[in-house]
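Below is one structure; the comments refer to it alone.
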Amino acid sequence: MTTTNSHGGDSTLEGLSNLPGLVLPVISLRRLFRFPDRAHDDATRALVIDFGSPAGFVVDRVASVITVELDQIESATAIQATIDSDLLLGVIKNIGGHTMVMILDFARLIQNEFASLARNREQATTATSGALTGETAKGVSKGSDELQLVSFVVAGQEYAIDIERVQEIVQVPEQIIHVPKAAAHVIGVMTLRQRLLPLVSLRRMFNLPVEALGEHNRIVVISLSGGDQLAVGVVTDTVNEVLRVSSSLVDTMPALLARDADIAEITDICRLNDGKRLVSIISAEKMFAHTAFREAAAVVSELQEGSEAAVTDKAETQSPVGEDEQMVVFRLMKEEFGVPIGSVQEIVRVPEQLAHVPKAPEFIEGVINLRGTVLPVVDQRRRFGLPPLERNDRQRIMVFTINGVRTGFIVDSVTEVLKISRQVIEDAPNLSEETSRLIRRVANLQKQRRMILLLDVDQLLAGGEVKALEQAMA
């Protein structure tokens, strides 16, 4: 049984376990009984006990299974001077090769662990975080002179496309179906939620050197009209950021360059960092007019007409239209977390240095200058009590607005934008009070052997911390 660490919660919690059809908390009996921790080994087991609230209890080993008669069970009152007998149902002596066996009251253990959480759950609202719809996406920029772009890198050059055109960002699958006699820039077809998605290589499309695909590559799924029918997966080297830029920083492609048919898809240039960073903005409409995309769409049409059985792998997250939630997935250590894409203001690189503000709250790592605005930044590892990580190129700052205060959170990496079926999203098990507020839902992708903890962004900072942050930034 594998577990996903749970952060910000009670010290007795080992994490969450992904069992077939079930996500349950895993509790350390050693910690619960205040015994010293020990490393897990091949003998370590988790006993899954269900008394209304299923939970796994980690034990050093399972010694044996014994059968006893009721008259062999003695009262636990004889040892209550040294043991909390409220957690014991009784004692068995001299049976199965064991001098004494204490019978734990797991119903009481579960009740004690989750009593306060059950009350909190009853009082909490059941409103779920909304997925990004077309109206939500447009609402971000409507009435504003800002553009919201997804930026990515191809052969060292940075490009971007309007976020409204991006359905999702996914990793390169293990299997790509290569199509005979297809154009060079059409590298194949993949399955995405029981549909065929043609893949186009931007390197080949722009006549750049071709490299083997690896873990760093990302596929940006782009739609022409926001629907699923006209969609193509664009293979990039890496996905950089989600940018918010003022229209004053965007220039139309110079007329001389615009005549070049090879770069006709690039309609604008975005000037960042005082012109030191140039991002080429690609038009989705012109990209889809390119012969590469027409040929890719034709390949899928032929495959569907000829033999829809060519692909039998059904995606984990298949669901009817409108039954998906679009999440930005990021990593902390080996764990995956998700937040609704509509809650993400921006995703930017971590600068080499963060400015430290005197007398700022302890949870603030520092501040950065984000286009003339001072943005407080929280190190999410420190927030979750995880070991520190040396700054690297994969780290990103995710910007959220929490109770009206814009705040950045450093994460290890942002891996993808993923559409997740609501059919695989379930309520998180009752954990500690703090964790229960922060992680209310879990996406249990069993076939992919993935568990994504879905965060409630509004709970990333407590009420008192928001006030402290407002005062420090005033």
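None of the figures in this text is laboratory data; all of them are computed from the coordinates on show. Just so you know, these numbers come straight off a predicted model, no measurement behind them. So basically every Cβ, Gly included, is an ideal-geometry build from the backbone, and we count neighbours across all protein chains shown.
Express in nm, to one decimal, how much length is gained between LYS334 and LYS359 on full extension, taking 0.36 nm for each residue of separation and deducting their alpha carbon distance. If you can, show how the numbers build up before the last one.
Details: separation 25, 0.36 × 25 = 9.00 nm, distance 3.30 nm.
Going from the current span to full extension adds 5.7 nm.
Assign one of three labels to the stretch 324-473, namely rounded, prolate or oblate, based on the Cα gyration tensor with a ≥ b ≥ c the square roots of its eigenvalues; rounded applies when a/c is under 1.5, prolate when it is not and a/b is larger than b/c, and oblate otherwise. In terms of gyration-tensor shape, prolate.
Label separation (ALA184 vs VAL153): 2.5 nm, computed from points 7 Å beyond Cα along the C-beta direction.
For the stretch 369-474, GluC sites (Glu not before Pro) meeting the loop criterion (DSSP other than H, G, I, E, B) and having at most 11 other Cβ atoms within 10 Å: GLU390.
Taking every Cα-Cα distance in the stretch 150-216 and sorting them into 10 Å bins from zero, the calculated P(r) comes out as 16, 50, 33, 1 percent. Extension gain, LEU278-GLU433: 0.36 nm per intervening residue step, less the Cα-Cα distance, totals 51.2 nm.
Computed extension length for GLU285-ASP251: 10.4 nm, one decimal, from 0.36 nm per residue of separation with the Cα-Cα distance subtracted.
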